[in-house]
Amino acid sequence: MFRESFKYYKSKDPLPTFEDVLNIHKPKLLLNNGIITKLAINKSSPQYGLRSTEDWEVYVINSRNGLIFIKNPFTPHGQRYWITRCLKDYSKKPHKLNIDNTNILKSDENWWEEGRKNKKIIDSLRWSTFGYHHDWDTKIYSEENKCPFPEDIKNMTKYVAEQFGFDDFTAEAAIINYYHLDSTLSGHTDHSEQNLEAPLFSFSFGQSAIFLIGGETIDEKPLAIYIHSGDILIMSKESRLCYHAVPRIIKTNYEVWNDEYQMENSDFKHWEPFNNYLSYSRININVRQVLNKGQLKL
Ligand code: OGA
Ligand code: MN
C-alpha cells in the first residue's frame, strides 16, 4: 500500500491529483472533519529565528499518534539564517557529504564556494551528516564515526523540543537532505538510534514537498501531507517508527523566505546566490537523539 501511494505521487505521467493531500496551512476543513486538532502550548519569547510561541499554530494529526505539525513558526529572517547555515556551513568539513570520495571537489575546495561557479557541482550535493554520522549502508552509528554538532541547531532543536515537554531531548545526529524539483526520498523508517523513544525533528525550507506517513509496516496506506517552507514535523510516540517518504517536490508560488528582505537590506547581492539555489531546491534538516538518557557513549 505504501509503495502504490509513493508511485502515485511520484508519477509525472499521468500526473496525480492532489485532492487527498492534507494542506495544514488551510486547517479549517481538516479541523471541522476531525482530521487534525489544534494544540495549545505555553507562551515563550522569540528565539533562534522563531516567532513567539503565542503565534505558533500547532496541530496533531489524529490518525497518526504522536505526529505533531508546526505550521512555519520561523520569521523570514529566521528562515534565511537557517538556509544560509545549511548551504554555506553545514555543507563543510568535518561534516560528511555524499560527494566525499568522488572527484567533484578537490580536497581543499568547498561545495558552496565552488558550486556558485559551477552548476554541476552545486547540483551534486544530496546530503550532509554531522554529530554521529548516519551510515547509509550499515545504518549503524559508532563512536569512531562522528564530529561535533553545531551549537545553534542543537539549541534550536532543544528549544522546540521543550515546548512539547521533551525536556530530555539532546540533538546527537543530523542529516541535511538537499532536494531538487525531481528528487524523491523512498519509504523508510528511522530505527538506527539506540533511543527509539526520543522524537525525530524535521525542519524544511525552500520548495514544498508531499510527505507520506504510513504505519509501522509497509502494508498500511499512508497519509499525504504538504510540507511548506518553515514547517516543522515532530515524529514522536507511535509515529516515531512509522514508514515515511517524500515522493514529490512541488514548486511553490509563495517564496516566504524572501519576505521582508528589501525592508532589512538595501541590496539583494548577499542573498541572491542562496535565493537562486532555493528557487529549485528544498532543504530538510532531520535531527535525532541517538543515546538513551544517562548513556555516555555507544
Ligand atoms: C530523513 C527524512 C524527510 C524529509 O531524512 O530521514 O525522512 O522531509 N526526511 O525530507
Ligand atoms: Mn526519515
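Quick note: the coordinates plus some simple rules give every number you see, no bench work behind them. Only a predicted model underlies this, so the values are computations on that prediction, with no experimental measurement involved. Heads up, the Cβs are rebuilt from the backbone with ideal geometry, glycines too, and the neighbour counts pull from every protein chain shown.
Put in line by how crowded their Cβ is, counting other Cβ atoms within 10 Å and starting with the fewest, LYS139, LYS117 read LYS117, LYS139. Which one of SER45, LEU31, SER186 has its Cα pushed farthest toward the positive end of the charge dipole of the chain, where Lys and Arg give +1 and Asp and Glu give -1 at the Cβ? Of the listed residues, the answer is SER186.
Working note: Cα gyration tensor of segment 250-291, eigenvalues times five, square-rooted, sorted largest first, giving semi-axes of 26, 14, 10 Å.
The phi-based Karplus calculation (6.51 cos²θ - 1.76 cosθ + 1.60; θ = phi - 60°) puts the 3J(HN,Hα) values of segment 187-192 at x, 7, 10, 9, 9, 7 Hz, whole numbers, x for Gly and Pro. Based on alpha-carbon atoms, the Kirkwood radius and the radius of gyration of the chain give Rg/Rh equal to 0.94. Sequence-ordered 3J(HN,Hα) estimates for segment 227-233 from the Karplus curve with 6.51, -1.76 and 1.60 and θ = phi - 60° stand at 10, 10, 4, x, 5, 10, 10 Hz, glycine and proline given as x. Taking other C-beta atoms within 10 angstrom as a stand-in for reagent exposure, HIS133, HIS180 fall in the order HIS180, HIS133, fewest first. Under a 5 Å amide H cut-off, with hydrogens placed 1.01 Å from N, ARG282 pairs with TYR179, HIS180, GLN207 among residues at least 5 apart or on other chains.
The distance between label points at ASP167 and ASP123 comes to 5.0 nm (points 7 Å beyond Cα on the Cα→Cβ vector). Normalised by the number of residues in the chain, the average gap of Cα pairs under 8 Å and 6 or more apart makes the relative contact order 24 percent.
Between ASN253 and ARG51, what FRET efficiency follows from the Cβ-Cβ distance if R0 is 25 Å, with the result rounded to 0.05? Present the calculation step by step, with values, prior to reporting the outcome.
On the way: r = 23 Å, r/R0 = 0.91.
The value I calculate is 0.65.
With a Förster radius of 41 Å applied to the C-beta separation of LYS106 and HIS77, the computed FRET efficiency comes to 0.75. By the count of other C-beta atoms within 10 Å, a proxy for reagent exposure, TYR226, TYR277 are ordered fewest to most as TYR226, TYR277. If you plug the beta carbon distance of ASP89 and LEU241 into 1/(1 + (r/R0)^6) with R0 = 35 Å, you get a FRET efficiency near 0.65.
Straight-line cross-link partners of LYS96 among the aspartates and glutamates, defined as a Cα under 13 Å from its Cα and at least 8 positions apart when in the same chain: ASP135.
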